[in-house]
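Down below is the structure, laid out as structure tokens.
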Amino acid sequence: DVKVTQSSRYLVKRTGEKVFLECVQDMDHENMFWYRQDPGLGLRLIYFSYDVKMKEKGDIPEGYSVSREKKERFSLILESASTNQTSMYLCASSRPRQGISNQPQHFGDGTRLSIL
Amino acid sequence: RKEVEQDPGPFNVPEGATVAFNCTYSNSASQSFFWYRQDCRKEPKLLMSVYSSGNEDGRFTAQLNRASQYISLLIRDSKLSDSATYLCVCAGGTSYGKLTFGQGTILTVHP
């Protein structure tokens, strides 16, 4: 069974702080993703990575950066946290495409981040 | 226009009812489709992949209509435990496993 583990379920930080969210997967998946989910807006892709040290911007990368130094770990960094970054953050991983078929993503439990 | 559109609901149905959700997608290059289920304050979980010929898993049936660019999910004999938000998901023709999620349809099954 795929296991995606996020470092914190709940996190409270202050405006201006640098915030690190960690995600680890144990299935040797190449692809990893960071989303945020807000009421009425659904899941929005922040960044993703398809290989170690590779990263691609998603739909809302502003104010975020990522790091993938090891295959199993994908970190999301809020460079200078702001109140509008209060949200539920979800990490996911998947295998690469097989032929023309994308593979389903498997999610971690999520981190509820509050910026005060 | 959103890439993936779903009726947000909520759908309120009694136990034992049959309920169907539809979802439309705009990217004709989409090749992979999924339905996810998300319980309140939890992460999305894969419910089923949607194959071109349609597929069934117990009480759940998924259909794909490429010509009309819509996907459906049918739930038969609804249970209280089916109450959740159901997310329609498409993968465009891009690589790297990117998926596009609909905003979800809320289902509440009542006794």
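Nothing in this text is a laboratory measurement; each read-out follows from the coordinates by a stated rule. All values derive from a computational prediction rather than experimental measurement. Reconstructed Cβ throughout: ideal geometry from the backbone, glycine too, with neighbour counts over all protein chains shown.
Using the Cβ atoms and a cut-off under 12 Å, what net charge is assigned to the surroundings of A:PHE20, where Lys and Arg are +1 and Asp and Glu are -1?
Values: positive: A:LYS13, A:LYS18, A:ARG73; negative: A:GLU17, A:GLU22, A:GLU79.
Its environment carries a net charge of 0.
Normalised radius of gyration for the range B:50-105, please: alpha carbon Rg relative to 2.2 N^0.38 Å, two decimal places.
On the way: Rg = 12.9 Å, N = 56, 2.2 N^0.38 = 10.2 Å.
That ratio works out to 1.27.
Would you be so kind as to identify which of A:TYR50, A:GLY99, A:VAL19 lies farthest towards the positive end of the dipole of the range A:1-102, taking Lys and Arg as +1 and Asp and Glu as -1 on Cβ and the Cα centre as origin?
A:VAL19
Nothing charged except the Cβ atoms of Lys and Arg (+1) and of Asp and Glu (-1): what's the magnitude of the dipole of the protein assembly as shown about its Cα centre? Round to the nearest 20 debye. Don't jump to the answer; show the numbers that get you there.
Details: 28 positive and 25 negative charges, 76 e Å.
It works out to roughly 360 debye.
Based on Cβ point charges of +1 for Lys and Arg and -1 for Asp and Glu, what charge dipole magnitude is obtained for chain A about its Cα centre, in debye rounded to the nearest 20?
Details: 17 positive and 15 negative charges, 28 e Å.
Charge dipole of chain A: 140 debye, to the nearest 20.
On a straight-distance basis, which aspartates and glutamates could pair with A:LYS57 in a cross-link, Cα separation under 16 angstrom, same-chain partners fewer than 8 positions away excluded?
Excluding near neighbours in sequence, the set is A:GLU79.
Could you state the per residue volume, in Å³, of the convex hull enclosing the Cα atoms of chain A? Intermediate values should be presented prior to the final figure.
On the way: hull volume 11.8 nm³, N = 116.
With only Cα atoms used, chain A gives 102 Å³ per residue.
Kirkwood Rh, Cα Rg: Rg to Rh for the range B:13-87? Walk me through the numbers before you get to the answer.
Values: Rg = 12.7 Å, Rh = 13.0 Å.
Rg divided by Rh gives 0.97.
Would you compute, for the Cα atoms of the protein assembly as shown, the largest minus smallest coordinate along each principal axis and list the three values in descending order, in whole Å?
50, 41, 36
Once you've got the Cα coordinates, tell me which of A:LYS3/A:LYS71; A:LYS3/A:LYS70; A:LYS18/B:LYS45 are over 18 Å apart.
The answer is A:LYS18/B:LYS45.
Over all alpha-carbon pairs of the range A:1-62, lay out the pair-distance distribution in 5 Å bins, whole %, shortest bin first.
4, 13, 19, 26, 23, 11, 3, 0
Answer with one residue from B:THR61, B:ILE71, B:SER26: the one whose Cα lies farthest towards the positive end of the charge dipole of chain B, charges on Cβ with Lys, Arg +1 and Asp, Glu -1.
B:SER26
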